[in-house]
Amino acid sequence: MRRALATGLLAATAVHAAPAVTAFAPARRALLPELTGTGRRDHVALTFDDGPDPASTPHFLRLLAAHDIRATFFVLGAMLERDPALGRDMLAAGHELAVHGWTHRCLLWRTPRGTHDDLARARDLVTSLGGGCPRWFRPPYGVLTTGALVAGRRLGLQPKLWTAWGRDWEARATPTSITRTVTSTLIGGGTVLLHDSDCTSAAGSWQRTLAALPRIIGWAQDRGLRIGTLAAHQAVPR
């Protein structure tokens, strides 16, 4: 009996955690391009996680407006709840809001029910801002579970990870290192992950990301790549 129970528990854990292998970026880029965020070859999707934060996000909004660029923000419900007006400002500026969860907790440690409730709560708050129901979700740390995939399907949320990141959450990151890390793997059709808040990162890390952003934008535009939201990234060009 004990052996059968242990075997069943191990099997259930394996099923729960199996999608987490997608957190391994090289395999994900090669085998799961849609999940990774691969889109139009003439386009780059610019995405930000962990906001909105009134201390930092408005700086990103002003910089993006100066470059006439729209981006996708994967928001935390707990952050958005503190300043829903900022979320409405982001929508009014043409940016896209997506779901990063209610709190920034690895989904491996959540039950399927807890995962569903976390995503649903964040989705409903985003929807309440008047921009329609969000289309995408990105799990904290990029770690998916079977429960997350099932919940996403039920809630009308499609998982989207990334092809290039800046490792901008690290205390040792600099604008130069962020730019170099992003551009080392970024190609046309790629999705960039950055952070517009330091709520889960090294203190002040958003300032280095902000300084790197014009360099990343210039790098992409010099190569004839358009930059925009995930919705534009997935659209078929006319």
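Of the trypsin sites (Lys or Arg not before Pro) found in region 29-86, the ones in coil according to DSSP and having at most 13 other Cβ atoms within 10 Å of their Cβ are ARG41. Near VAL143, within a Cβ-to-Cβ distance under 11 Å, what is the net charge of the other residues, with Lys and Arg +1 and Asp and Glu -1? Taking every other residue near VAL143 into account, the sum is +3. Taking K and R as +1 and D and E as -1, what net charge do the other residues with C-beta under 9 Å from the C-beta of VAL75 add up to? Neighbour charge sum, excluding VAL75 itself: -2. Annotation note: chymotrypsin sites (Phe, Trp or Tyr not before Pro) in region 79-188 located in DSSP loop regions with a Cβ neighbour count of at most 16 within 10 Å are absent.
With a ≥ b ≥ c the root eigenvalues of the C-alpha gyration tensor of region 69-185, is it rounded (a/c under 1.5), prolate (a/b larger than b/c) or oblate? Since a/c reaches 1.5 but b/c is at least a/b, the shape of region 69-185 is classed as oblate. For region 97-111 versus region 195-235, the inter-centroid distance based on Cα atoms is 22 Å. Computed 3J(HN,Hα) for region 191-206, one whole-Hz value per residue from the Karplus formula 6.51 cos²θ - 1.76 cosθ + 1.60 where θ = phi - 60°, is 10, 9, 10, 9, 10, 9, 8, 10, 5, 10, 10, 4, 4, x, 4, 4, glycine and proline marked x.
Rounded, prolate or oblate: which fits region 131-238, taking a ≥ b ≥ c as square roots of the Cα gyration tensor eigenvalues, rounded meaning a/c under 1.5, else prolate when a/b beats b/c? Since a/c reaches 1.5 but b/c is at least a/b, the shape of region 131-238 is classed as oblate.
Where a number appears in this text, it was derived from the coordinates with a stated rule and is not lab data. In this text the structure is predicted, and so the values were computed from the model without any measurement. No Cβ is skipped: glycine too gets one built from the backbone with ideal geometry, and neighbour counts run over all protein chains shown.
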